[in-house]
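The values are calculated or read from the model by the stated rules, or taken from the named source; none is laboratory data. What you are looking at is a predicted structure, and each value in this text was computed from that prediction instead of being measured. Reconstructed Cβ throughout: ideal geometry from the backbone, glycine too, with neighbour counts over all protein chains shown.
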Amino acid sequence: MSITVTGRGSVAGIADEAVIELEVTVRRGLAAEALDGLAGAVAVVFAVLDDGPATARATTGLTLATDHDQQGRPRGHRASQVVSVVAPVDRAGTVVSAVVNAAGDDVAVRSLHQRASDQSGLRARARDAAVADAREAATQLAELAGRELGGLAELTEHPAGPGGQPRPLRAMAEAVPVVSGTDEVTVAITATWALA
């Protein structure tokens, strides 16, 4: 006979990094012109990031499509690419403002979320809490059944989504304010103990 329970553990840490997704979009008459324009606009974004506090950057996706007006008529081509940037959370607003000031209407902020840089440390502490939670529940159930908890027979960790508490952006003339939030990491486990 055995007892199977689910345990959860959550640990919050200070969100010290901001992950910013910038979408660079250029519209031109011809497809080749749109791609060339995009390359130039992304180069402007990279130049700003090279001079700023960004700790990492990457490009994801590349889109080249026919651009349409409001009546659905073709009016040229649109090329876009997403640039992901990691920066200290207290400098994220400066990064956003500098990129927008340099690239103008060619850039849009798709998202900004915060995270703690020590994800593995938070996850380890959340895992400890999840196992302790499961053990406490199993011990209680064993006692209610008039039995003692035996050895651990099986332990499975379940995937949990990313944490983070995004903060809304408010436009200002010099820099967009970004206030540090928390990043909560949650671990869920299923544990089976034999009954003694």
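Is it fair to say S117 is under 28 Å from E157 (Cβ atoms), among the polar types (S, T, N, Q) and at pLDDT below 90? So that I can check it myself, show each step before the final result.
Working: under 28 Å from E157 (Cβ atoms): yes; among the polar types (S, T, N, Q): yes; at pLDDT below 90: yes.
Yes, satisfied.
For T156, state whether it is free of Cβ contacts under 8 Å to residues at least 60 places away in the same chain, part of a strand (DSSP E or B) and either closer than 23 Å to A188 by Cα or charged (D, E, K, R) (or both). In short, yes. Under the condition of being hydroxyl-bearing (S, T, Y) and at pLDDT below 90, the residues counted in the stretch 60-89 number 1.
Can you tell me which residues in the stretch 102-120 are in contact (Cβ under 8 Å) with a residue 12 or more places away in the chain and surrounded by fewer than 18 Cβ atoms within 10 Å (Cβ to Cβ)? Listed by number, the residues that qualify are A102, A108, V109, R110, S111, S117, D118, Q119.
The residues on offer are T59, T6, T55, and the sole one that is surrounded by fewer than 18 Cβ atoms within 10 Å (Cβ to Cβ) and assigned by TED's automatic domain parsing to the domain that holds T186 is T6.
I'd like the full set of residues that are among the aliphatic types (A, V, I, L, M), out of contact with any strand residue (DSSP E or B) (no Cβ under 7 Å at 6 or more places or on another chain) and modelled with pLDDT under 55, limited to the stretch 140-173. Within the stretch 140-173, A171, M172, A173 qualify. Checked against the criteria, R73 counts as charged (D, E, K, R), more than 21 Å from the chain's Cα centre (by Cα), more than 23 Å from S97 (Cα to Cα) and assigned by TED's automatic domain parsing to the domain that holds V85.
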